[in-house]
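Here the structure is laid out as structure tokens; the discussion comes afterwards.
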Amino acid sequence: MSCPSTVFVDRDGVINRKPREDDYVKAVDEFELLPGSIEALARLSKSGMRVVIVTNQQGVAKQLVAAATLELIHQSLENDVAAAGGEIAEILTCPHIADSCDCRKPKTGLFVEAQRLHPEIDFADSVVIGDSQSDLDAAMAIGAAAIHVTSAPGDGLSPVQVESLAAAAEILLEERND
Ligand SMILES: [Mg+2]
Ligand SMILES: [Zn+2]
């Protein structure tokens, strides 16, 4: 994996603690950052990579997550990364229910939207960091590399597996210095 120019980062289970199955981050105080994730996002950005967050949030369509709450959480995330000296280029959300749109990962709509906003994005020069099969499948669909964040690295589901976003950033930053 060569050092990418764009890093697509999943949210739940990568940046913040994943809610229980069939639950959602419904309030600002339910958004619990994982250790090192803000610093990792800032380091990637400071090294010259474009950081785009792509997140499935069907809790919005289910009316369990208010759009205003989502906005507050994402504003706070952007502020935290900025305070650490980095920048999030975009946070793109699919608020739709499963099987009703073209943007819920593993579909590619969020990635296509990122490219519309930033035409210089080259999927072949991008990496997707995620904890779900849908992230890995989306990466495959756009022709990007993938890093799988998993509590059980080495289960053989994907070529590059790490335990945290911080570890993923470490791999990408090491490659930059090669
Ligand atoms: Mg996730
Ligand atoms: Zn959607």
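Read the figures in this text as sums done on the coordinates, not as results from a lab. The shown structure was predicted, so the numbers you read here are calculated from the model rather than taken from an experiment. Cβ: placed from backbone, ideal geometry, glycine included. Neighbour counts: every protein chain shown.
General observations
- Between Leu64 and Lys18, the simple label model (points 7 Å from Cα in the Cβ direction) yields a spacing of 1.5 nm.
- A dipole drawn for the chain from +1 and -1 charges on Cβ atoms has a positive end, and of Ser134, Leu117, Ala83 the residue lying farthest that way is Leu117.
- Once the Cα atoms are used to define both axes, helix 37-46 deviates from the longest principal axis of the chain by about 50 degrees.
- Dipole magnitude (debye, nearest 20) for segment 119-168, charges at Cβ of Lys, Arg, Asp, Glu: 100
- Check: the chain dipole with +1 on Lys, Arg Cβ and -1 on Asp, Glu Cβ, in debye: 260
- 0 to 90° range, to nearest 10: angle between helix 133-142 axis and the chain longest Cα axis: 60
- Segment 91-174 - charge dipole about Cα centre, Lys and Arg +1 at Cβ, Asp and Glu -1, debye rounded to 20: 280
- Beta bridges by DSSP in the chain, antiparallel share as percent, to the nearest 5: 5
- Order of Lys105, Lys26 under a 10 Å beta carbon neighbour criterion, fewest first: Lys26, Lys105
- Helix-only [θ]222 nm of the chain, DSSP H runs n ≥ 4, -39500 (n - 2.57) each, per residue, nearest 500: -10000 deg cm²/dmol
- Inter-centroid distance (Cα atoms) of segment 72-112 relative to segment 44-66, Å: 2
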